[in-house]
1. Run the reach check for Lys145 against lysines, Cα to Cα strictly under 27 Å, same-chain hits fewer than 8 apart removed. What comes back?
2. Place the peptides 57-63, 204-210, 100-106 in order of packing, highest mean first, counting for every residue the other Cβ atoms within 10 Å and averaging per peptide.
3. Taking the number of other C-beta atoms within 10 Å as the exposure measure, put Ser243, Ser235 in order starting with the fewest.
4. Karplus couplings for the range 264-272 from phi (6.51 cos²θ - 1.76 cosθ + 1.60, θ = phi - 60°), rounded to Hz, Gly and Pro as x?
5. Can you sort Thr72, Thr47, Thr66 so the residue with the fewest Cβ neighbours within 10 Å comes first?
6. Find how many whole Å separate the alpha carbon centroid of the range 56-130 from the alpha carbon centroid of the range 190-257.
Amino acid sequence: MEDYNYYYGNYYQDYNYGDYNQDYDYGDYYQDYSNYYENYETLYEITKKNEDLILLPKNKNKKYTTVLIWLTGLEEPPEDFESMFNYSPSLLPHPDRTKIIILCGEKKNLTAFEGDPYGSECFSWFDVYSFEDISMSSINFEDVKNSSKRIINIIEEEAKYLGGYENIFLGGFSQGACMSLHIGCSFNHLLGGVICCSGALFPGTVINNDNKKLKIFVSHGDLDDQISKEINVLSLKRINHFSDLDIHYYPSIGHYIDPYTLNDLCQYFYKNMK
C-alpha cells in the first residue's frame, strides 16, 4: 500500500483534481493514463478470448485464489481497462495470485445511435433507447437479463475452480457498473464484493436480501451527465439496509474514473481481497 499511495501521490501532481470539470474529455484522459504507465512493469500474462481479455498471474503454474471480473462500459473494448490493472504498483493486493477477466458487451445496434453517421453498432450490455432520458427506464431490461446469464456462467465456472464464491469480485464502469450491481444484489450466492463506478441499480433488479452483507464499493462524479448522481443516489435507497456500503462522491468529476477514484478503489481492494 505504501508504494501505491506514493505512486498516486505523484500522479495527482500531474493531474490536478481541481482542473477536472464536466467538459473534460474522457478519451483524452484514458490516452494520457495509458501513456503514463508505459515505463512500469507488467503484472500479468494476457490472453484474448473473442473480444475479452484474461489476465493471469505470472506464477509458475498460473494458479490463483481470487478472481476479479470487470465489465466495460458502452462502446468500450476490454483493452481500455488493461492499463488500470496490468502495471506496477498494483491496484490489487495480490497480483501474484489473482485472475482478472475483462469483459465487454456484445456488439449490437443501439437504438439511441440510429441515424448516427458513424453507425449504430457498438459494444453494449443492453440497448439504450434514448440519451435524452437518462433515467434507468430508457433501457431494454430483457437485454440486461440475457447479458447477466453470460456473466453468471463465468462466475459459476470460476466458483468451481475456487471452491466457492467468497473470493470472486464483480465490478465495472458505467453500463458495466450497472450490470455488476444488478447481478451482485440479485445473485443467489454472496460474492466477495461488487464495484460500481459511475453506475446505478436498475429499477427492475430483484434484491436478494440474503446478500445484505455484500461488500459494495460505489464511486460517482457530481457532474456525471451520463448517469446523474441523483439517479445513483435514488437507486441506492433500495439497498440502504445492506450493511457494507462504501460510497464515494466526487465534486467536479464527470463520467469517468479519475485518480481519486482509483485511490479509494485500491483501499477497498486491499481491505477486502484476502
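Computed from the coordinates by the stated procedures, all read-outs in this text should not be read as laboratory data. Everything numeric here is computed off the predicted structure, so don't read it as measured data. So basically every Cβ, Gly included, is an ideal-geometry build from the backbone, and we count neighbours across all protein chains shown.
1. Straight-line reach from Lys145, under 27 Å: Lys48, Lys49, Lys99, Lys107, Lys108, Lys160, Lys212, Lys213, Lys215, Lys229, Lys237.
2. Values: 57-63: 11.4, 204-210: 13.4, 100-106: 24.1.
Those peptides, ordered most packed to least, come out 100-106, 204-210, 57-63.
3. On the way: Ser243 9, Ser235 21.
Fewest-to-most ranking of Ser243, Ser235: Ser243, Ser235.
4. So the J values, rounded to whole Hz, are 5, 5, 4, 4, 4, 4, 5, 6, 10.
5. Least to most surrounded, the residues fall as Thr47, Thr66, Thr72.
6. A separation of 19 Å, based on Cα centres.
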